[in-house]
1. Mind ordering 226-234, 255-263 by average Cβ neighbours within 10 Å, highest first?
2. For the ranges 29-40, 70-81, what's the packing order if you count other beta-carbon atoms within 10 Å of each residue, average per peptide, and put the highest first?
3. Take the chain, connect every pair of alpha-carbon atoms lying under 10 Å apart with a spring to form a Gaussian network, then pick out the residue of 43, 53, 219 with the largest mean-square fluctuation.
4. Could you please state, rounded to a whole Å, how far the C-alpha centre of the range 1-33 is from the C-alpha centre of the range 142-203?
5. Calculate for the chain the 222 nm mean residue ellipticity that helices alone would give, adding -39,500 (n - 2.57) per DSSP H run of length 4 or more and normalising by residue count, nearest 500 deg cm²/dmol.
6. What FRET efficiency do you get for residue 280 and residue 237 if R0 is 45 Å and r is their Cβ-Cβ distance, rounded to the nearest 0.05?
7. If you wrap a convex hull around the C-alpha atoms of the chain and split its volume per residue, what is the figure in Å³?
8. List the extent of the Cα atoms of the range 244-290 along each of their three principal axes, largest first, rounded to whole Å.
Ligand code: KIV
């Protein structure tokens, strides 16, 4: 049975029905196609791309052009999941006009259906301008990695009464502005539960406990492909890193031993012409041809 394309509206309806929303990041065609086949509701082309694909030390280095390049690759592999492009550092906080233009690039060039931006009340006027331009927006509060230097590191947020209140207010303001969902990253589960209760749009947690309406994980993290560090919330659902290492070692051994490629993995020259090419190869004609 063909699956139906996921939309922001359908994702909101899932919350109303009490159904969990499952989301994962992707950055390329092959993984996006597998994720899409698994009927995942939403694929985020996250700016985590900066770290897990491009090897930078944080998410601040990835550019708009790099994000668009990978968003295009993902959308080519997706038929059913909703695709959201993550707006990178400096692409939406310098000026509202530039923010809308950059958001539009994710839709027009990247083929995404929405964008995600980090921040609370402060970012609402920018989000409003995007929505006025018919661009759907996903919010992101808590540990927002683009503010890593402001936080002083990858620390859990919302751990004081004051900080928790601010998160709840931020979530409600984002909802009022019109975002279709909010990522809650690295906050105490009790605060995520309160936020989830206080808004009618879905909350998507990462390090925010089980009471969120949905969950998101970085695909390279959950598959054990990116192991530079392991936050408390991360569970390895696979160990692709070990499988890849094993496969590469096997390949190396077989090439070195000469057992790969064997006949089964080689192309055949037509039998009836084999004598002719072999005797030509042994003849002097070949020398004359290259003169
Ligand atoms: O960039 C990303 O992958 C994200 C998710 C972790 C929410 O923002």
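Bear in mind that the values in this text are calculations on the coordinates, not laboratory data. Note that the structure is a prediction, hence the values are computed from the model and not measured. Counting neighbours? That spans all protein chains shown, and the Cβs are built from the backbone with ideal geometry, glycine included.
1. Numbers: 226-234: 13.0, 255-263: 9.4.
My ranking of the peptides, most packed first, is 226-234, 255-263.
2. Numbers: 29-40: 17.1, 70-81: 21.0.
Order by mean packing, descending: 70-81, 29-40.
3. 53
4. Their Cα centres are 22 Å away from one another.
5. Details: 13 runs with 127 residues, N = 291.
-12500 deg cm²/dmol, from helical runs alone.
6. Values: r = 57 Å, r/R0 = 1.27.
E(calc), rounded to 0.05, equals 0.20.
7. Values: hull volume 60.1 nm³, N = 291.
Looking at the chain, the number lands at 207 Å³ per residue.
8. Largest first, the range 244-290 extends 48, 25, 15 Å along its Cα principal axes.
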